[in-house]
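Reviewing the structure listed below.
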Amino acid sequence: MKTNFNINNLIRENIKSLMPYSSARDEYINANYKEMIFLDANENPFENGVNRYPDPQQNSVKELLSKIKKIDTKNILLGNGSDEVLDLLFRAFCEPNKDNIITLPPTYGMYSVLANINAVENIKVVLTANFQPNVAQILSEVDTNTKLLFLCSPNNPTGNSFSIAAIEELLLKFNGLVVIDEAYIDFSEQENWLNKLEEFPNLVITQTLSKAYGMAGIRLGVCYASKEIISVLNSIKPPYNVNELSQQKAINRLLDFDAVQKEIIQIKNERLQLEKELKSIDFIEKVYPSDANFLLIQVDDATKRYQQLLSNGIVIRNRSKEPLCENCLRITVGTASENKELIKILKEIN
């Protein structure tokens with residue numbers, strides 16, 4: 001349990017005094033919502049399914065997530081993709097040209113991009129040789145202006161989950177926000193960190209509907225945190241940041257939860273089969289263990305193998321420029337037929 005944490009010490013001063021924008025639909029909440037005549041928001045009155053502004057708080061989506069994740073809706077914020085959620089964290093807690101964050105390469109590249117956009121220094125602490133956080137070095141880099149620490153677990157592009165003990169030590173000893181990016185958590189045997197929110201008030205968890213839920217096209221990211229943190233983020237988010245069509249699609253998918261679970265099982269089974277097949281390819285030197293829906297492999301010549309696959313109609317990612325990833329390729333787990341075609345081509349190229 002972390003007890004020496006005060007969120008007010010992290011919030012930017014201008015955010016503390018901010019008067020949030022109040023949309024027409026924020027001001028009116030009523031159980032008979034659909035029966036009312038709305039003349040408040042200057043909308044086109046002719047019904048076509050999207051002529052009205054969407055629910056600014058996405059209450060129906062949050063209620064479904066609340067039941068699935070067993071988390072109070074007041075601990076949930078939705079964003080236009082996880083990238084918007086991450087950007088809100090920068091804007092709420094990091095003072096431009098003053099504060100800094102810590103990231104652990106190789107990792108998701110958007111953390112660095114957002115740091116640059118928001119004029120926030122990014123202190124990079126490379127993972128250990130076995131792709132784990134170097135806790136001692138991370139803590140040694142912390143200063144009074146370090147506001148956010150990003151932990152991607154399962155990590156992209158390495159695919160592994162971080163040590164629970166390492167994460168807990170960082171949560172206890174770091175007095176900024178520890179942001180655990182769980183975009184790939186549904187493919188992992190390791191439990192998510194949602195049940196630790198009350199134990200660690202500086203814990204922020206991001207998830208997404210893009211991966212396991214197969215909804216990358218609707219751009220819906222989720223943030224789970226203390227009610228205090230969610231309240232701060234709500235005060236600065238755009239009023240209608242998740243559109244009506246995205247909300248409808250998300251609701252339909254969340255209601256079909258059993259189908260999602262079946263797809264996750266299929267992907268995990270395909271991952272095991274793909275891992276086995278890849279290990280039989282001569283020029284593949286290593287297949288790293290994965291808790292995600294992709295595999296990182298080390299080959300003899302990543303640029304050559306990437307181009308060969310591309311010329312055969314298969315697009316993967318060359319991650320060779322990332323620290324610790326020399327000659328490494330990242331391959332998403334596809335359908336059974338796609339994976340078979342990949343292996344067939346890998347066996348044919350020289």
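The values are calculated or read from the model by the stated rules, or taken from the named source; none is laboratory data. Bear in mind that the values here come from a model prediction, so they are computed numbers and not experimental data. We place every Cβ from the backbone using ideal geometry, glycine too, and count neighbours over all the protein chains shown.
Taken as a whole, segment 328-341 holds at least one residue that is out of contact with any Leu (no Cβ under 7 Å at 6 or more places or on another chain), closer than 20 Å to residue 106 by Cβ and either of a type in the set (A, V, I, L, M, F, W, C) or buried (at least 19 other Cβ atoms within 10 Å of the Cβ) (or both).
Scanning segment 141-160 for residues being over 14 Å from the mean Cα position of the chain (by Cα) and assigned to a loop (DSSP other than H, G, I, E, B) gives a total of 6.
Number of residues in segment 263-284 that are in contact (Cβ under 8 Å) with a residue 24 or more places away in the chain, more than 28 Å from residue 209 (Cβ to Cβ) and either touching a strand residue (DSSP E or B) at 6+ places or on another chain (Cβ under 7 Å) or surrounded by 21 or more Cβ atoms within 10 Å (Cβ to Cβ) (or both): the value is 2. Would you confirm, using the coordinates I've provided, whether residue 226 is more than 19 Å from residue 64 (Cβ to Cβ) and at pLDDT 95 or above? For residue 226, the condition - more than 19 Å from residue 64 (Cβ to Cβ) and at pLDDT 95 or above - is met. In the list 11, 68, which residue meets the criterion of being surrounded by 15 or more Cβ atoms within 10 Å (Cβ to Cβ), in the same structural domain as residue 249 (by TED's automatic domain parsing), closer than 30 Å to residue 109 by Cβ and out of contact with any Phe, Trp or Tyr (no Cβ under 6 Å at 6 or more places or on another chain)? Only one candidate passes the filter, namely 11. For segment 168-221, the set of residues classified as at positive phi and in contact (Cβ under 8 Å) with a residue 60 or more places away in the chain consists of 219 only. Screening segment 75-140 for strands (runs of 3 or more DSSP E) wholly inside it with 3 or more residues that are more than 17 Å from the chain's Cα centre (by Cα) returns the ranges 121-124. In the set 205, 218, only one residue is under 16 Å from the mean Cα position of the chain (by Cα), over 16 Å from residue 68 (Cβ atoms) and surrounded by 19 or more Cβ atoms within 10 Å (Cβ to Cβ); that residue is 218.
Only one entry in 89, 64, 77, 10 is under 30 Å from residue 180 (Cβ atoms) and in contact with a Cys (Cβ under 7 Å, 6 or more places away or on another chain), namely 77.
Of all the criteria given as (1) surrounded by fewer than 17 Cβ atoms within 10 Å (Cβ to Cβ); (2) not in a helix (DSSP H, G or I), the one not satisfied by residue 63 is (2). Can you confirm whether segment 105-125 contains a residue that is of a type in the set (D, E, K, R) and either loosely packed, with under 13 Cβ neighbours inside 10 Å or in contact with a His (Cβ under 6 Å, 6 or more places away or on another chain) (or both)? The answer is no; no qualifying residue exists.
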